[in-house]
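Here is the structure we will look at, set down as structure tokens.
The values are calculated or read from the model by the stated rules, or taken from the named source; none is laboratory data. If you're wondering where the values come from, they're calculated on a predicted model, not measured in any experiment. Cβ: placed from backbone, ideal geometry, glycine included. Neighbour counts: every protein chain shown. The area values use the complete protein model at the heavy-atom level, side chains included, leaving out ligands, DNA and RNA. Shrake-Rupley method; radii C 1.70, N 1.55, O 1.52, S 1.80 Å.
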Amino acid sequence: MFKEEHKAYLDQKHDVMKINIFIDGEELTPSTGNYSERRDPGDEDRVIGLVADGSKDVGAAVDAARRAFDRDAGGWVSDYRLRARVLYKAAELLRQNLDFFAETESLFVGKTIRTSRSSDVPRAAEILEFYAGLADKILGTSQILRTGDLVAVVKQPVGVVAAITPWNFPLVIMCRQVAPALAAGCTVVTKPASLTPASAFEFAKILTKAGAPKGVFNVVTGSGETVGSSLVKSDKVDAVNFTGETSTGRWIMEQAAGSLKRVILELGGKNPNIVFEDADLERAATAVTYGAYANNGESCAAGSRLLVHSNVKQKFIEMVVERVRRMRVGYQLDEKTDLGPLVSRKQLESVLEYVGAAASEGLNIVYGGNRLTESFYARGNYMQPTVIVDTPRESKLFQEEIFGPVLTVTEFRDEDEAVELANATLYGLAAGVWSNDVGKAVRVAEKIKAGAVWVNTYYTLPVEMPWGGFKQSGLGRNNTVHAIEHYLEHKGIYVDNQQGPMRPYYRLVLG
Ligand code: NAD
């Protein structure tokens, strides 16, 4: 029955979206004249988008952003109340167009429509509102010195910001990067991932409708090697906020050094979910399952490593597998789907390769492990949710980010071993700790080297929670009131009160 409904979905007609570039307040066709086809992850036979190759338009986009910043277009840089109004209005428009944005996001990413509708789009709107509320509260400090002179510290926007985003949460991550930058008074050029550029392009339209002056927000689509790289190297860009793979982040940091631009990096994760024997196992099993498979497991925050106490290991694995078994794999726009298709054939192949490596390492795949090819599944990038037990720390599956619906399980015998295993990868993005002993949970949370630790929950990431990594998971933090500081320069203004004698150092020179 479920399969039949899916076939009906796939046979429906969808419009092909044309995704152009957006520069200086206008939608433009690319100078190259070229577009690449984007295929539906749930049905690779169907084209859903034509994506502009903006590789020759980066200069124009950066110039537009530079002009808007340097000339204070429409009062953007100086008028913080304008910025607050625009960001609030954009959030409102996003909510009004929730269905459209949710469908677009799901269609391109392959994530379930329930996720996009109940999480991605509302979260993006919340982020915009949060920073809208900060735009008129960017306060400096001032002090009258012992000499009677005044030192004022004023905060000024850093300039033009490049925002480079990945394909797994295109709208939320873009908003997380650009909302604080815009609230600070910066102007932006964003480069969405080539597979999922639609929401950034549509967002540019609503931001303009909300009143953003020309040049404040620009979108250039195209590949990382051309568009992304030109943005990072440009002398006219003052800061880069990048979210993506650790290897790309490393390269970006090197390139950005050329012009010493500020860099914020949100990179990969291989996050442990630690379940102690005294945890509420029912709640933990549901959250661990959610943590591993939400967004098809294609998430830097995925709780992809289950670490479980040996005394409850067997029971807990059964509880998780029982939940995994109930997950429905299906088309991303179907309300009933729990696990959608992976974003691309390439991504599916990469995940299957990891599962193949698990088999060659002799690991025990207790559930799933295969691509789904029966009936309509053959048309898309569908795979079974997969559970692999007794994964040792030396295993590639324990160490590397798989970025798909694969959960590995490793047992521990005591608190120290749990912490050691949790910290035994190059990554340090997030972790979950499950225990009814609050003292223990806090102790463990403190010792885990990760930017975010959830206790008795997983994946809850409101804008109030800082987001970013320890170790090779990144540099800097997005979210919270502090993120706005990335986009601000602190300028000291020293004012002599002209009352007392000349300052002593003048005498050193003038006698
Ligand atoms: P990616 O690094 O391949 O690409 C990310 C973005 O960078 C894309 O827009 C891409 O076109 C661009 N890019 C690629 N090469 C570039 C270059 N040389 N110069 C400039 N830009 C370049 O990552 P992806 O495959 O899109 O996303 C998956 C990765 O992102 C995973 O590793 C995941 O963990 C990570 N991620 C991290 C977070 C986080 O919050 N820490 C969130 C989501 C995704």
(message) Taking loop as defined by DSSP and a crowding limit of 16 other beta carbons within 10 Å, which trypsin sites (Lys or Arg not before Pro) in segment 18-106 fit?
(response) Arg71
(request) Using only the alpha carbon atoms of the chain, find the Kirkwood hydrodynamic radius as the inverse mean reciprocal pair distance, in angstroms to one decimal. (result) 24.1 Å
(request) Grab the other residues whose beta carbon is less than 12 angstrom from that of Arg117, score K and R as +1, D and E as -1, and report the net. (result) -1
(message) Out of all DSSP beta bridges in the chain, what portion is antiparallel? Express it as a percent rounded to 5.
(response) 40 percent
(request) Whenever you get a sec, compute what percent of the accessible area on segment 78-191 sits on carbon and sulfur atoms (1.4 Å probe). (result) 53 percent
(message) Given the options Thr112, Gly140, Ala152, identify the residue whose Cα lies farthest towards the positive end of the charge dipole of segment 104-196 (+1 on Cβ of Lys, Arg; -1 on Cβ of Asp, Glu).
(response) Thr112
(message) Need the list of lysines near Lys18 for cross-linking: C-alpha distance under 20 angstrom, and skip anything on the same chain fewer than eight residues off.
(response) Lys56, Lys191, Lys205, Lys209
(request) Rounding to the nearest 20 debye, state how big the charge dipole of segment 272-455 is about its Cα centre with +1 on each Lys and Arg Cβ and -1 on each Asp and Glu Cβ. (result) 500 debye
(message) I'd like the distance separating the alpha-carbon centroids of segment 230-265 and segment 139-180, in whole Å.
(response) 17 Å
(message) Sequence gap of 8 or more, or different chains, plus Cα separation below 29 Å: how many lysine pairs satisfy both in segment 272-455?
(response) 14
(request) Keeping all protein chains in place, calculate the accessible area per residue for the chain (probe 1.4 angstrom), answer in Å². (result) 41 Å²
(message) Quick check: the distance between the Cα centres of segment 479-503 and segment 181-229, to the nearest angstrom?
(response) 31 Å
(request) May I ask which residue of Ser435, Gly59, Ser395 lies farthest towards the positive end of the charge dipole of the chain, with charges of +1 (Lys, Arg) and -1 (Asp, Glu) on Cβ and the Cα centre as origin? (result) Gly59
(message) So for the chain, averaging the separation of alpha carbon pairs under 8 Å that are six or more residues apart and normalising by length, what relative contact order in percent results?
(response) 18 percent
(message) Can you compute the charge dipole magnitude of the chain about its Cα centre, using +1 on each Lys and Arg Cβ and -1 on each Asp and Glu Cβ, nothing else charged? Give it in debye, rounded to the nearest 20.
(response) 1220 debye
(request) Report the local net charge at Glu415: Lys and Arg +1, Asp and Glu -1, summed over other residues whose C-beta lies under 13 Å from its C-beta. (result) -4
(request) Using +1 at the Cβ of each Lys and Arg and -1 at the Cβ of each Asp and Glu in segment 272-455, identify which of Leu421, Gly380, Phe276 lies farthest towards the dipole's positive end. (result) Gly380
(request) Among the GluC sites (Glu not before Pro) in segment 367-450, which ones are in a DSSP loop with at most 13 other Cβ atoms within 10 Å of the Cβ? Mind listing them? (result) Glu374, Glu394
(request) With a cut-off of at most 14 other beta carbons within 10 Å, and DSSP calling the residue loop, which trypsin sites (Lys or Arg not before Pro) in segment 358-433 qualify? Please list them. (result) Arg393, Arg413
(request) Kindly write out, for segment 126-143 in residue order, the coupling ³J(HN,Hα) from the Karplus curve 6.51 cos²θ - 1.76 cosθ + 1.60 (θ = phi - 60°), rounded to whole Hz, with x marking Gly and Pro. (result) 4, 5, 4, 5, 4, 7, 4, x, 8, 4, 9, 10, 8, 9, x, 10, 8, 8
(message) Tell me the Rg and the Dmax, in Å, that the Cα atoms of segment 272-455 produce.
(response) 15.9, 51
(message) Quick check: at a probe of 1.4 Å, how many percent of the accessible area of segment 272-455 sits on carbon and sulfur atoms?
(response) 47 percent
(request) Quick one: what are the phi-derived ³J(HN,Hα) couplings along segment 413-430, Karplus 6.51/-1.76/1.60 with θ = phi - 60°, whole Hz, x for glycine and proline? (result) 10, 8, 4, 4, 5, 4, 5, 4, 5, 4, 8, 8, 10, 6, 8, x, 8, 8
(message) Taking amide H atoms as placed 1.01 Å from N in the peptide plane, list the residues 5 or more away in sequence, or in a different chain, whose amide H sits under 5 Å from that of Leu372.
(response) Tyr382, Met383, Gln384
(message) Under a Cβ-only charge scheme (Lys and Arg +1, Asp and Glu -1), can you give me the dipole magnitude of segment 336-382 about the Cα centre, in debye to the nearest 20?
(response) 240 debye
(request) Please turn the phi angles of segment 342-352 into ³J(HN,Hα) values with the Karplus equation 6.51 cos²θ - 1.76 cosθ + 1.60 (θ = phi - 60°), one per residue in order, whole Hz, x for glycine and proline. (result) 6, 4, 7, 5, 4, 5, 4, 5, 5, 5, 5
